[in-house]
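Novice: Handing you this structure, nothing more for now.
What follows is calculated from the coordinates using simple rules that are stated; it is not laboratory data. Note that the structure is predicted; figures quoted are calculated from it, not measured. Heads up, the Cβs are rebuilt from the backbone with ideal geometry, glycines too, and the neighbour counts pull from every protein chain shown.
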Amino acid sequence: MLIRPTALLYDWDNTLVDGWAGITAALNAVFAAFKRPSWTVEDTKNRVRVSLRESFPVMFGDQWEHARDIFYNTLAAQHLAHVGPMPGVPEVLEAGSAWPQGVVSNKAGAFLRREVIHLGWSGFFGPVIGAGDAKADKPDPAPILMALEHLGQTAGPSVWYMGDTALDMQAARAAGVTAVLIGNADHDGGVERAAPHIHFSTAHALRTRLRDLA
């Protein structure tokens, strides 16, 4: 039996929105500058997990800040043209409005908040926490705990954190909240690897359950 939630927190990319084309274009601008092979959108989905401030020092060494600047300059120019809702997500957010809702993402906070505004979703969310906003990024629990502090709530099983990857589920467990997988995590080793507490194969299934619980 599911515990009725007291708060709903969501990952962003590939959970609520499809913004992979913009991220891929920005990555490829960096790779071109460093004379590296480009990625497809599918490559980006399969390889991007942790935040830029964790991944770029590994990828680019002492040139990582230069790579970061190229990435963000490119992303700033075009990310809003690429971002759109994942199928069924507007209905999920409508159903979820029975509870306090927020976003916790590894996308840089400034870009994340612009995308929320661009989609007209500001009214759905209290906290919108991105990479760089907390002392550490996912899978560290700090950004989830920051979002809960904004909501005046404490971590526990009645808080749902919803995402599409094993890293999201890891962050949820580290924060002491319920790990909810949306989709089948085919790009990340599947449901078994993600090991969620709750699994919804589609946004439609999640919307139906939220309506029932409301």
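Novice: What three numbers, in Å, describe the spread of the alpha carbons of the chain along their principal axes, ordered from the longest?
Specialist: Taking max minus min along each principal axis of the Cα atoms, the chain gives 53, 32, 30 Å.
Novice: I would also like to ask the following. Order of 31-37, 68-74 by packing, highest average Cβ count within 10 Å first? Don't jump to the answer; show the numbers that get you there.
Specialist: Working: 31-37: 12.1, 68-74: 16.9.
So the order, starting with the most tightly packed, is 68-74, 31-37.
Novice: Now for a separate question. Evaluate the relative contact order of the stretch 20-82 (contact order divided by residue number), counting alpha-carbon pairs under 8 angstrom at least 6 apart; express in whole percent.
Specialist: After rounding, I find 48 percent.
Novice: Whole-Hz ³J(HN,Hα) for each residue in the stretch 197-214, computed from phi via Karplus 6.51 cos²θ - 1.76 cosθ + 1.60 with θ = phi - 60°, x for glycine and proline: what do you get?
Specialist: In residue order, the calculated couplings are 6, 9, 10, 10, 6, 9, 5, 4, 5, 5, 4, 4, 5, 5, 4, 5, 5, 5 Hz.
Novice: Next up: Which whole-Hz couplings ³J(HN,Hα) result when phi for each residue of the stretch 92-101 is put into the Karplus expression 6.51 cos²θ - 1.76 cosθ + 1.60, θ = phi - 60°, listed in order with x for Gly and Pro?
Specialist: 3J(HN,Hα) across the stretch 92-101, in whole Hz: 4, 5, 5, 5, x, 5, 5, 10, x, 10.
Novice: Then there's this: For T208 and L80, calculate 0.36 nm times their separation in residues minus their Cα-Cα distance, and state this gained length in nm to one decimal.
Specialist: 43.1 nm
Novice: Find the centroid of the Cα atoms in the stretch 77-104 and in the stretch 9-30, then give the distance between the two in whole Å.
Specialist: Measuring centre to centre over Cα atoms gives 13 Å.
Novice: With +1 on the Cβ of every Lys and Arg and -1 on the Cβ of every Asp and Glu, and nothing else charged, how large is the dipole of the chain about its Cα centre, in debye rounded to the nearest 20?
Specialist: In debye, rounded to 20, the chain gives about 100.
Novice: So what are the ³J(HN,Hα) numbers for the stretch 134-148, from phi and the Karplus equation (6.51, -1.76, 1.60; θ = phi - 60°), rounded to whole Hz, Gly and Pro as x?
Specialist: So the J values, rounded to whole Hz, are 9, 5, 8, 9, 4, x, 4, x, 3, x, 5, 5, 4, 4, 5.
Novice: Taking every DSSP beta bridge with both residues inside the chain, roughly what % is antiparallel (nearest 5)?
Specialist: Around 10 percent of the beta bridges assigned by DSSP in the chain are antiparallel ones.
Novice: On average, how much area does the Cα convex hull of the stretch 20-82 cover when viewed from any direction, in nm²? Numbers along the way, then the final one.
Specialist: Working: hull surface 15.6 nm².
Answer in nm², one decimal: 3.9.
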